[in-house]
1. Taking the alpha carbon gyration tensor of the range 1-56, what are the square roots of 5 times its eigenvalues, largest first, to the nearest whole Å?
2. Select from GLN52, LEU88, SER16 the residue farthest towards the positive end of the dipole of the chain; place +1 on Cβ of Lys and Arg, -1 on Cβ of Asp and Glu, and compute about the Cα centre.
3. Name the residue from VAL67, HIS4, GLY97 whose Cα lies farthest towards the positive end of the charge dipole of the chain, charges +1 on Cβ of Lys and Arg and -1 on Cβ of Asp and Glu.
4. Taking the Cα atoms only, what angle lies between the long axis of helix 83-95 and the longest principal axis of the chain, rounded to 10 degrees?
5. Looking at the range 81-151, which trypsin sites (Lys or Arg not before Pro) are DSSP coil and have at most 12 other C-beta atoms within 10 Å of their C-beta?
6. In a Debye calculation with equal point scatterers on the alpha-carbon sites of the range 83-158 and no solvent, what is log10 I(q)/I(0) at q = 0.22, 0.26 Å⁻¹?
7. Angle, helix 101-111 long axis vs. longest principal axis of the chain, Cα atoms, 0 to 90°, nearest 10?
8. Once you have all Cα-Cα distances for the chain, histogram them in 5 Å bins from zero and send the whole-percent values.
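Any read-out appearing in this document is the output of simple, stated calculations on the displayed coordinates, not a laboratory observation. Quick caveat: nothing in here was measured; it's all calculated off a predicted structure. Neighbour counts run over all protein chains shown; Cβ positions are idealised from the backbone, glycine included.
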Amino acid sequence: MANHHPKLAALAKSISYRKGELASLEKREDELLQALEAVRREKGDVEQGIQQLNALIEAFEIDPDEVRGIRATPRKSGSTHGAFRGTLVKILKEAGGPITTATILDVLRELNDSRINLPESTRDALDKIGRDIRTISTYGVVIRHDSGARGQPATWRWIGQNQE
């Protein structure tokens, strides 16, 4: 470009940037349109699958409209799959004997591990611990040590293998 007035050069520079910006936006628009088309195809496949399943469920004389939808619930950020139960198992093994749910909660709070995502409310945290220990107990490695009477703190004992 020849030596032009600074205002003219600034205008030319602005045009160049705008053209580059336009090219970037057009490229992004194409990518989004392709993604939209893929989502529409996937949505059509899901709707077709629902229709097929509705036909099957009607054979059992169930109204498909009464079946509620289930949305996937995303994991809380920073949490790791299996970290909470793995930590519970470790605490139960290291206890070497009966341990109360409240003591387990104290140990978990002392660990302060962000991967286990412990509820802030004491009641919710104790419920989560109890729920997960009962699930672990279905594998026969943990038993309830106390009588299980209401109002008493639950006491658990590891009876599984101590090797990992």
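1. The equivalent ellipsoid of the range 1-56 has semi-axes of 52, 6, 4 Å.
2. The residue sitting farthest along the positive end of the dipole is SER16.
3. Checking the options against the dipole of the chain, the answer is HIS4.
4. Helix 83-95 sits roughly 30 degrees off the main axis of the chain.
5. Filter output for the range 81-151: ARG150.
6. Log10 of I(q)/I(0), two decimals: -1.01, -1.42.
7. Relative to the chain, helix 101-111 is tipped by roughly 40 degrees.
8. The percentages, shortest bin first, are 1, 6, 10, 11, 8, 6, 6, 8, 8, 9, 7, 5, 4, 3, 3, 2, 2, 1, 0.
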